[in-house]
Every structure is written in structure tokens, then in C-alpha cells.
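One structure below.
The values are calculated or read from the model by the stated rules, or taken from the named source; none is laboratory data. Here the structure is a predicted model, which is why all the values come from computation and not from measurement. We place every Cβ from the backbone using ideal geometry, glycine too, and count neighbours over all the protein chains shown. These accessible areas exclude ligands, DNA and RNA; they are computed on the full protein's heavy atoms, side chains included. Shrake-Rupley method; radii C 1.70, N 1.55, O 1.52, S 1.80 Å.
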Amino acid sequence: MNKIMDLPVIYSLRNCPFAMRARIAIYKSKQPVLLRDLVLSDKPAEMLSVSPKGTVPVVVTPTGTIIEESFEVMLWALTQGDPDDLLFADDDTLDSMLALIYTFDSEFKRCLENYKCAKRYSESNIVECRQACEKYIVKLEELLSQHRFLMADRESLADIAILPFIRQFARVERQWYLHAPYPHLRIWLNRYLQSKMFSKVMTKHPLWLENREDILFCG
Ligand SMILES: N[C@@H](CCC(=O)N[C@@H](CS)C(=O)NCC(=O)O)C(=O)O
């Protein structure tokens, strides 16, 4: 059993989709970590001293390795433990899984930012912005009409990497989304949002800077 002081630390922000997917992967890996919740307007000096770029999530391992990209945190966590085989270790699915994640991290994410912006500032091009996102959403709907999860009938890294961004997409124009022609996507997303895992990952904790008390977080 690890001594608590020897555990990796994660600097996190509850509602950030990047930090969310990092916490999901950590939950799935069953690797215990010490969670430090923050707000972007008040970043701990301890985090900035190891990761000056100032984005969350950041993981600091007991040996001092700094992991400051959410996707790398996910891979690190699942390398520590992957009881559900989210990496599809004995399969040749990994390349297509990584390609799908890359498309969402780069192209879809850009379209989603434009869509959120169009909604926030009531811009006249919201429908075009939404349609730009839908090019990618259609692809997910097609995959989810073939199997329960994105890559197969079981969950993979792709599901948990993409999930927080689809959650954001679904929240931009709620009424439109609820009636949009993506029933399989809605079932997939709802299953996650209603899961025990998601409640745990989204639990609200006091900010670490309030008293510098770490929260033990594990799946
Ligand atoms: N590529 C980074 C992006 C992380 C990111 O942009 N996180 C946002 C919060 S959702 C952030 O920390 N922004 C810093 C700031 O706005 O000061 C990753 O995948 O970890």
C-alpha cells in the first residue's frame, strides 16, 4: 500500500473538460492520486513552479515527472493500471482509436469553441457553427449505431477522451440537442452522465488553496 505522501498529485479544475477526462482516466485506472482543485484566477504557485504554462490538468509523480497535457495524463494513468483494458492492449484498434481522438482534439474542439462563442454572444452564424460540429457528431452517431461504445461493444480510451467535449456540445443549445437526429449519441452520453463514475469525478471539493489539504481520489 502506498503511503499517502508518495502518491502522484493532480492539479485540477472541476468543470474543465481536459481535467475531467484526466480524472476519468485516473478513476478507471484505480491509481490513487492526491487531488488539488483550483480556479484559473488563482493558480497555486506550487503548480506554476513545475508547469509555468499554467493549464490544467497537471500531474506531478512521486519521482518528480511532470505531465501537463490531459491526453498524456490519460495515457500515464492507464499505463499504471487498466483493469477494463481501455487501451485495447491485445487488439489492432489502437491506431484508429488514436486517430479518432486526434480528430476530436484538434478539429472538433475548434468547431466547438466557435459554436460556444456564437451562442454566448448571440452571433448570427450559430447554425453554421453548429453544422460544422455536426460533421463530427454524425461520425460518432454512426459508430454508436454499430456498437454500444465508440470503438466496440465495450468502452475504450476514445470514449472517455471525447466524452467531456460532447457533454459541452450537448449543453450549448439544449432543446435543439434533445431533438437532434442523434439518438445513439444521446444514450451513450446519458449513460455516462448518470454513472457512479461521473458523480465521483464531478464531486465538488474545497479549493486546495483554502487550506492546502489534498483530497484522496481514486476509482
Ligand atoms: N492542451 C491542454 C489544454 C488544457 C487547457 O486548456 N485547460 C484550460 C482549462 S479548461 C486551462 O487550464 N486554461 C488556462 C487559463 O485559461 O489560464 C490539455 O489537454 O491539457
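Are there trypsin sites (Lys or Arg not before Pro) in the stretch 25-102 that DSSP marks as loop and that have at most 16 other Cβ atoms within 10 Å, and which are they? Could you put the intermediate results ahead of the total?
On the way: sites: Lys28, Lys30, Arg36, Lys53; in loops: Lys30, Lys53.
For trypsin sites (Lys or Arg not before Pro) across the stretch 25-102 that sit outside H, G, I, E and B with at most 16 neighbouring Cβ atoms in 10 Å, the list reads Lys30, Lys53.
Could you count how many Lys pairs in the chain have their Cα atoms under 18 Å apart, skipping same-chain pairs fewer than 8 positions apart?
Lysine pair count for the chain: 12.
For the stretch 172-207, which chymotrypsin sites (Phe, Trp or Tyr not before Pro) are in a loop by DSSP, counting at most 16 other Cβ atoms within 10 Å? Provide the component values of the computation, followed by the final result.
Details: sites: Trp176, Tyr177, Trp188, Tyr192, Phe198; in loops: none.
In loop regions of the stretch 172-207 (DSSP not H, G, I, E or B), there are no sparsely surrounded chymotrypsin sites (Phe, Trp or Tyr not before Pro).
Given a cut-off of under 8 Å on Cα pairs at least six residues apart, what relative contact order in percent is computed for the chain?
Details: 277 pairs, mean separation 63.8, N = 219.
With pairs under 8 Å counted, the relative contact order is 29 percent.
Per residue of the chain, what 222 nm ellipticity follows from adding -39500 (n - 2.57) for every DSSP H run with n ≥ 4, rounded to the nearest 500?
On the way: 11 runs with 116 residues, N = 219.
Calculated at 222 nm, the ellipticity per residue is -16000 deg cm²/dmol.
Which residues does a label at Thr61 reach in the stretch 23-40, if reach means a backbone N under 19 Å from a point 7 Å past the Cα toward the Cβ?
Residues 23-36 fall inside that zone.
When the chain is fully extended, how far beyond the present Cα-Cα distance does Lys30 get from Arg171, taking 0.36 nm per residue of separation? Could the numbers behind the result be given before it?
Details: separation 141, 0.36 × 141 = 50.76 nm, distance 2.92 nm.
So the extension gain works out to 47.8 nm.
Once a ≥ b ≥ c are taken as the square roots of the eigenvalues of the Cα gyration tensor of the stretch 1-160, is the result rounded (a/c under 1.5), prolate (a/b larger than b/c) or oblate (a/b not larger than b/c)?
Values: a/c = 2.70, a/b = 1.24, b/c = 2.18.
Cα axes put the stretch 1-160 in the oblate bin.
Run the 1.4 Å probe and let me know the accessible area of Asp105, rounded to the nearest 10 Å².
The accessible area of Asp105 comes to roughly 50 Å².
Given a 1.4 angstrom probe, I'd like the percentage of the accessible area of the stretch 94-196 that is carbon and sulfur, rounded to a whole number. Numbers along the way, then the final one.
Numbers: 2760 of 5230 Å².
Heavy-atom surface of the stretch 94-196 belonging to carbon and sulfur, 1.4 Å probe: 53 percent.
If you roll a 1.4 Å probe over the heavy atoms of the protein chains, what accessible area per residue do you get for the chain, in Å²? All intermediate terms of the calculation are to be shown ahead of the outcome.
Details: 10940 Å² over 219 residues.
Spelled out: the 1.4 Å probe surface of the chain, per residue, equals 50 Å².
In terms of modelled amide H atoms, which long-range or inter-chain residues lie less than 5 Å from the amide H of Glu69?
Residues meeting the amide H criterion: none.
Given H placed 1.01 Å from N in the peptide plane, which residues other than close sequence neighbours of Arg148 have an amide H under 5 Å from its amide H?
Amide H neighbours of Arg148: Asp153.
Can you give the local net charge around Leu13? Use residues other than it whose beta-carbon is closer than 14 angstrom to its beta-carbon, Lys and Arg +1, Asp and Glu -1. Each step should come with its number before you reach the end.
Values: positive: Arg14, Arg21, Arg23, Arg36, Lys43, Lys204; negative: Asp37, Asp42, Glu68.
Spelling it out: positives minus negatives among the neighbours equals +3.
In terms of modelled amide H atoms, which long-range or inter-chain residues lie less than 5 Å from the amide H of Leu35?
Close amide H contacts, sequence-distant or interchain: Ile10, Ile215, Leu216, Phe217.
Nearest 20 debye, what's the magnitude of the dipole of the stretch 94-196 about its Cα centre given +1 on Lys and Arg Cβ and -1 on Asp and Glu Cβ?
On the way: 16 positive and 13 negative charges, 95 e Å.
Roughly 460 debye, rounded to the nearest 20.
Answer with one residue from Phe217, Met202, Ala45: the one whose Cα lies farthest towards the positive end of the charge dipole of the chain, charges on Cβ with Lys, Arg +1 and Asp, Glu -1.
Met202
For the stretch 94-196, what relative contact order do you get, as a whole percent, if you take Cα pairs closer than 8 Å and at least 6 residues apart?
Values: 71 pairs, mean separation 29.0, N = 103.
Normalised by residue count, the contact order of the stretch 94-196 is 28 percent.
I need the phi-derived Karplus couplings for the stretch 39-53: 6.51 cos²θ - 1.76 cosθ + 1.60, θ = phi - 60°, integer Hz, Gly and Pro marked x.
For the stretch 39-53, the Karplus curve yields 10, 5, 7, 8, 7, x, 4, 4, 6, 5, 6, 9, 9, x, 5 Hz.
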